[in-house]
Amino acid sequence: MMIKHIFTDLDGTLLASDGTLSSGNVAKILASQLPVTLVSARAPMEMAFVLKALKLTDWQVAFNGGLVYAPTPQGLQILEEKYLTGDLAGRLITLIQIYFPQVSLSFYDLEHWYTASVDAGILYEAKITGQTPTIIQPTEFFQTGPHKIFKIMLITFDSEELQRLQYFLTALELKGITIQQSGTAYLEITHEAAQKSAGLAIIMAKEKLGLEETAAFGDGHNDLPMLKMVGWPIAMANAQKEVQKVAKFVTTSNNEDGVGAGIWRYLL
């Protein structure tokens, strides 16, 4: 095989469970000399330390495919963006606050992470990403002018509540959104066209990459469209069973340098 490009998820895949990037993964990936694109539900600011460690300057995919960008010294060069309007995001946030007040709620524009209050979910996310949210009142925020909201993030450690929340959001039948579970405690709302596979399609077309020239690593439900887009889908040992079923190979876990190990065992 001749692999020319690797796509990889971050949380649960390239990153260890504590949100760190191991020196072993860095060494193996740099030694492979293969172009790498991060494909994540994270915001660009939460991906920056990985880009720096791996010396990545090409196109990256954030917000589950809602943003395709390249980091430059002058800021982000945006190739494609799909976002929720302030009106739609504000309506969703109001409904969630009314009917699910115990769920941790926050949201992102291009450069900031916002929340109305710091709770257990916010503290959990802040520990993983190293980010500090901006405290705002959503009603006042959305009255200040037009906003581009790339992701609404909902966190609950109650699995039954997560199911009720997902059912509630789906039953609203709102046009223009997609609701995806990311991990066991997260629901994320993005633009309906924000799919990891859409981000891959843009980059593969731009770089003229054939199917057999691409590989991807993932662990969760939101990685399935991405894994089905490439010639060599690789699942982590810690991946959900549905993910492992679509993979050609299963590498070691995210806590065992699974991406770096998989590159050298299966792709080179």
**Cα centre as origin, Lys/Arg/Asp/Glu Cβ charges: the chain dipole, Debye** = 660 debye
**Message:** Can you compute the FRET efficiency between Met2 and Glu160 using 1/(1 + (r/R0)^6), with r the Cβ-Cβ distance and R0 = 41 Å? Round to the nearest 0.05.
**Reply:** 0.30
**Prompt:** Among the DSSP beta bridges whose two residues both lie in region 135-268, what percent are antiparallel, rounded to the nearest 5?
**Reply:** 60 percent
**Request:** Return one number: the angle in degrees, 0 to 90 and rounded to the nearest 10, between the long axis of the Cα atoms of helix 86-99 and the longest principal axis of the Cα atoms of the chain.
**Result:** 70 degrees
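Taking the DSSP beta bridges in the chain as the whole, what percent of them are antiparallel, to the nearest 5?
The antiparallel fraction comes to roughly 60 percent.
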**Message:** Could you check the spin-label model distance between Lys245 and Lys52? Points 7 Å from the Cα along Cα→Cβ, value in nm.
**Reply:** 4.2 nm
**Request:** Summarise the accessible area of region 44-101 (1.4 Å probe, protein heavy atoms) by the percent that is carbon and sulfur.
**Result:** 53 percent
**Fill in**
Listed by chain and number, the residues whose amide H is under 5 Å from that of Ala216, excluding neighbours fewer than 5 places away on the same chain and using placed H, are Phe7, Trp232, Ile234
**Prompt:** If you find the alpha carbon centre of region 221-256 and of region 11-37, how far apart are they in angstrom?
**Reply:** 15 Å
**Fill in**
Here the convex hull volume per residue of region 170-268, taken over Cα atoms and given in Å³, is 107 Å³
**Message:** Nearest 10 degrees is fine. How inclined is helix 44-54 to the longest principal axis of the chain, computing both from alpha carbons?
**Reply:** 20 degrees
**Fill in**
region 1-84: spread of alpha-carbon positions along the three principal axes, whole Å, largest first, is 37, 31, 27
**Message:** I need the phi-derived Karplus couplings for region 212-221: 6.51 cos²θ - 1.76 cosθ + 1.60, θ = phi - 60°, integer Hz, Gly and Pro marked x.
**Reply:** 6, 9, 10, 9, 9, 10, x, 9, x, 4
**Prompt:** Any idea what the relative contact order of the chain is, in percent, if you count C-alpha pairs under 8 Å spaced at least 6 apart?
**Reply:** 23 percent
**Request:** Compare Arg265, Arg91, Arg42 by solvent-accessible area with a 1.4 Å probe and give them largest first, with all protein chains kept in place.
**Result:** Arg265, Arg91, Arg42
**Item:** Accessible surface, the chain, averaged per residue in Å² (probe 1.4 Å)
**Value:** 45 Å²
**Item:** In sequence order, calculated HN-Hα J values of region 195-204 (Karplus, 6.51, -1.76, 1.60; Hz; x Gly/Pro)
**Value:** 10, 4, 5, 5, x, 4, 4, 5, 5, 5
**Request:** Provide the gained length on full extension for the span Leu123 to Glu256, in nm with one decimal, where the gain is 0.36 nm per separating residue minus the Cα-Cα distance.
**Result:** 45.3 nm
**Request:** Work the Kirkwood hydrodynamic radius out for region 25-179: mean of 1/r over every pair of different alpha-carbon atoms, inverted, in Å.
**Result:** 16.9 Å
**Asked** Principal axis lengths of region 130-212 from Cα atoms, whole Å, largest first?
**Response** 45, 36, 33
**Request:** State, as an integer percentage, the relative contact order of region 113-268 based on alpha-carbon contacts under 8 Å between residues 6 or more apart.
**Result:** 13 percent
**Placed amide H near Leu79: partners under 5 Å, 5+ positions off or other chain** = Val68, Tyr69, Ala70
**In sequence order, calculated HN-Hα J values of region 169-179 (Karplus, 6.51, -1.76, 1.60; Hz; x Gly/Pro)** = 5, 5, 5, 5, 6, 7, 7, x, 10, 10, 10
**Asked** Dipole size in debye (nearest 20) for region 144-215 around its Cα centre, Lys and Arg Cβ +1, Asp and Glu Cβ -1?
**Response** 340 debye
**Item:** Alpha-carbon Debye profile of the chain, log10 I(q)/I(0) at 0.07, 0.08 Å⁻¹
**Value:** -0.23, -0.30
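The values are calculated or read from the model by the stated rules, or taken from the named source; none is laboratory data. Keep in mind that this is a model prediction, so the values were computed, not measured. Glycine gets a Cβ as well: all are built from the backbone with ideal geometry, and neighbour counts include every protein chain shown. Please note that ligands, DNA and RNA were not included when accessible areas were found on the heavy atoms of the full protein model with its side chains. Shrake-Rupley method; radii C 1.70, N 1.55, O 1.52, S 1.80 Å.
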